[in-house]
Amino acid sequence: MKHAFFSGAALLAAALLAACDGGGGTGGSRLSPAEVAGVYQVCDLAFTPSNAILPAAELLRTVVDTTPSAGRPEPTLALALNGGYDLVYTRQSDNFLQQLRGSVSYGQDVIGLELSSGAIPAELLLPRVLSLRFSSTGGQRLTAGAGDNFPYAVSRADYARAAGVSEEGLQNTINGSLRISLSTGGCGA
């Protein structure tokens, strides 16, 4: 029953994002693929449980290799002119290249990434739809904080692995939200 609720909430979020302009209204100009296209470096990526007792899963420390060996890419999100995205990173545990592709929806100052289910979204504790605020101040940036996306559930095993904690005593699913920051100008900018 919980799964159906969270799947329904994700579909509702996707429908709302598609129906509105992302700025809280229904008018105004939407972002276009040309405005947001580029390769964004992943600067921050963390899942914060709703239960404040549980630690945040700092995914750039525990799952994603931010300094991969020669020939392996740094974690990036590429947004294409055709309205698609390509998320690429090297997994810390085995140095394997990971790649996730999907489509993007556009609102006013907001884009939405449609994320499939599977190993990569589970490993990165990603929601089904990720809403990101776009800013062109000081280079192109995409961000999301605790209030930007509906809380969603991840599996106990995925959370425990990403947070570096024991599964013992945890509920079957952990509710929380994603904090993410991406930039075309590098993370120090």
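Table for the structure above
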{"quantity": "Filtered residues of segment 79-99 (kept if closer than 16 Å to L59 by Cα and open to solvent by less than 30 Å² (accessible area, probe 1.4 Å))", "calculated": "L87, V88, Y89, T90, Q98"}
{"quantity": "Filtered residue count, segment 136-151, keeping only those that are acidic (D, E) and over 12 Å from the mean Cα position of the chain (by Cα)", "calculated": "0"}
{"quantity": "Any chance Q171 is open to solvent by 60 Å² or more (accessible area, probe 1.4 Å), in contact with a Lys or Arg (Cβ under 8 Å, 6 or more places away or on another chain) and without any contact (Cβ under 8 Å) to a residue 40 or more places away in the chain", "calculated": "yes"}
{"quantity": "Every residue from segment 75-94 that is within 22 Å of P33 (Cβ to Cβ) and outside any strand (DSSP E or B)", "calculated": "P75, A80, L81, N82, G83"}
{"quantity": "Check on S116, open to solvent by 40 Å² or more (accessible area, probe 1.4 Å), closer than 26 Å to A153 by Cβ and modelled with pLDDT under 95", "calculated": "yes"}
{"quantity": "Count - residues of segment 57-74 that are open to solvent by less than 50 Å² (accessible area, probe 1.4 Å), in a loop (DSSP other than H, G, I, E, B) and either modelled with pLDDT under 95 or out of contact with any helix residue (DSSP H, G or I) (no Cβ under 7 Å at 6 or more places or on another chain) (or both)", "calculated": "3"}
{"quantity": "Residue count for segment 100-112, restricted to those that are open to solvent by 50 Å² or more (accessible area, probe 1.4 Å) and either basic (K, R) or in contact with a strand residue (DSSP E or B) (Cβ under 8 Å, 6 or more places away or on another chain) (or both)", "calculated": "3"}
{"quantity": "Count of segment 136-168 residues which are touching a residue at least 40 places away in the same chain (Cβ under 8 Å), under 23 Å from V39 (Cβ atoms) and in a strand (DSSP E or B)", "calculated": "2"}
{"quantity": "Segment 67-92, residues that are polar (S, T, N, Q) and without any contact (Cβ under 8 Å) to a residue 24 or more places away in the chain", "calculated": "T67"}
{"quantity": "Checking N149 against (1) under 18 Å from V64 (Cα atoms); (2) open to solvent by less than 40 Å² (accessible area, probe 1.4 Å); (3) not aliphatic (A, V, I, L, M), the condition it does not meet", "calculated": "(1)"}
{"quantity": "Boolean, L126 is buried (at least 19 other Cβ atoms within 10 Å of the Cβ), in a loop (DSSP other than H, G, I, E, B) and under 13 Å from the mean Cα position of the chain (by Cα)", "calculated": "yes"}
{"quantity": "Test result for A46, aliphatic (A, V, I, L, M) and in contact with a Lys or Arg (Cβ under 6 Å, 6 or more places away or on another chain)", "calculated": "yes"}
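The values are calculated or read from the model by the stated rules, or taken from the named source; none is laboratory data. For clarity, every value in this text was computed on a predicted model and none was experimentally measured. Note that each Cβ is placed from the backbone with ideal geometry, even for glycine, and that neighbours are counted across all protein chains shown. The area values use the complete protein model at the heavy-atom level, side chains included, leaving out ligands, DNA and RNA. Shrake-Rupley method; radii C 1.70, N 1.55, O 1.52, S 1.80 Å.
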